[in-house]
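J.: Below you'll find the structure I mean.
The values are calculated or read from the model by the stated rules, or taken from the named source; none is laboratory data. Everything numeric here is computed off the predicted structure, so don't read it as measured data. Every residue, glycine as well, gets a Cβ built from its backbone with ideal geometry; the counts of neighbours run over all protein chains shown.
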């Protein structure tokens, strides 16, 4: 499913490339990037989101993870968590980046018992910061976080290091490398652009 989902992301133009360093995308973490994967677009394509849900289920089975609950990272992880929870007939919660400043002041919305096994769903992983924060919030709330799953990863060493430091397992459906291979196959990037993209990724 990794290559299939990567194809779908390209087909709906969720992937954008800016080869000019002066025009790079800026991530939430502050990093500058020549490539951006906007998985929010997948919400608007039923066939794509269905494939993503199936791919998440395949990933859970391959990793032999059996959650009691699906948790969505606010905001882009929420719809995919909802579709996955519905398909698996499991409870769902979602996790904000911080507690609300009004109402009940919740950071986690929904209700499950402490000690339940939770999988955190995110749309993509760059440095892993938001996903890790969500997983830690769930742990501090008394849940057993058994992993973080996302649609896409840039494959940054910083993300691998960050997850390892917090002892949090993570995996993704598809990745930067699959996208680059497909862009090459489709002739949408020149060899020098490929080398530039790989050099950028490997430098972080």
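J.: Being out of contact with any helix residue (DSSP H, G or I) (no Cβ under 9 Å at 6 or more places or on another chain) and either crowded, with 20+ Cβ neighbours inside 10 Å or part of a helix (DSSP H, G or I) (or both) narrows it down to one of 78, 70, 93, so name that one. Talk me through it step by step, then tell me what you get.
T.: Working: 70 fails: out of contact with any helix residue (DSSP H, G or I) (no Cβ under 9 Å at 6 or more places or on another chain); 93 fails: out of contact with any helix residue (DSSP H, G or I) (no Cβ under 9 Å at 6 or more places or on another chain).
Going through 78, 70, 93 in turn, the sole match is 78.
J.: Let me ask something else about it. Anything in region 113-156 that is touching a residue at least 60 places away in the same chain (Cβ under 8 Å) and on the phi > 0 side of the Ramachandran plot? List them, or say none.
T.: 147
J.: Mind listing whichever residues of region 102-114 are in contact with a strand residue (DSSP E or B) (Cβ under 6 Å, 6 or more places away or on another chain) and either farther than 17 Å from residue 78 by Cα or buried (at least 18 other Cβ atoms within 10 Å of the Cβ) (or both)?
T.: Result: 108, 112.
J.: Pull up region 23-40, narrow it to residues that are in contact with a helix residue (DSSP H, G or I) (Cβ under 8 Å, 6 or more places away or on another chain) and within 27 Å of residue 138 (Cβ to Cβ), then point me to the one that is modelled with the highest pLDDT.
T.: The extreme case among them is 39.
J.: Shifting gears a bit: Restricting region 62-81 to residues that are touching a residue at least 12 places away in the same chain (Cβ under 8 Å) and over 17 Å from residue 135 (Cβ atoms), which is farthest from the chain's Cα centre (by Cα)? Working first, answer last.
T.: Step one: filter region 62-81 for residues touching a residue at least 12 places away in the same chain (Cβ under 8 Å), giving 63, 65-74, 76-81.
Still in the running and over 17 Å from residue 135 (Cβ atoms): 66, 79.
Working: 66: 19, 79: 12 Å.
So, considering only residues that are touching a residue at least 12 places away in the same chain (Cβ under 8 Å) and over 17 Å from residue 135 (Cβ atoms), the one farthest from the chain's Cα centre (by Cα) is 66.
J.: Examine region 162-174 for a residue that is over 21 Å from residue 136 (Cβ atoms), in contact (Cβ under 8 Å) with a residue 40 or more places away in the chain, in contact with a strand residue (DSSP E or B) (Cβ under 7 Å, 6 or more places away or on another chain) and surrounded by 15 or more Cβ atoms within 10 Å (Cβ to Cβ), and state whether such a residue exists.
T.: Yes, that holds for at least one residue.
J.: Return the only residue of 115, 147, 105 being over 27 Å from residue 45 (Cβ atoms), modelled with pLDDT of 95 or more and outside any helix (DSSP H, G or I).
T.: Result of the check over 115, 147, 105: 115.
J.: If only one of 17, 57 is modelled with pLDDT of 95 or more and touching a helix residue (DSSP H, G or I) at 6+ places or on another chain (Cβ under 8 Å), which one is it?
T.: Criteria check complete, one pass: 57.
J.: Could you tell me how many of the residues in region 183-204 are more than 18 Å from residue 31 (Cβ to Cβ) and either outside any helix (DSSP H, G or I) or touching a strand residue (DSSP E or B) at 6+ places or on another chain (Cβ under 9 Å) (or both)?
T.: Summing the residues that are more than 18 Å from residue 31 (Cβ to Cβ) and either outside any helix (DSSP H, G or I) or touching a strand residue (DSSP E or B) at 6+ places or on another chain (Cβ under 9 Å) (or both) in region 183-204 gives 7.
J.: Could I ask something else about it? Only one of 28, 42 is within 21 Å of residue 152 (Cα to Cα), touching a residue at least 60 places away in the same chain (Cβ under 8 Å) and surrounded by 21 or more Cβ atoms within 10 Å (Cβ to Cβ); which?
T.: 42 is the lone residue from the list that is within 21 Å of residue 152 (Cα to Cα), touching a residue at least 60 places away in the same chain (Cβ under 8 Å) and surrounded by 21 or more Cβ atoms within 10 Å (Cβ to Cβ).
J.: Search region 1-25 for residues being in contact (Cβ under 8 Å) with a residue 40 or more places away in the chain and part of a loop (DSSP other than H, G, I, E, B), and hand back the single one that is nearest to residue 72 (Cα to Cα).
T.: By that ranking, first place goes to 1.
J.: Given 155, 147, 129, which one is surrounded by 16 or more Cβ atoms within 10 Å (Cβ to Cβ) and touching a helix residue (DSSP H, G or I) at 6+ places or on another chain (Cβ under 6 Å)?
T.: Result: 155 is the single residue among 155, 147, 129 that is surrounded by 16 or more Cβ atoms within 10 Å (Cβ to Cβ) and touching a helix residue (DSSP H, G or I) at 6+ places or on another chain (Cβ under 6 Å).
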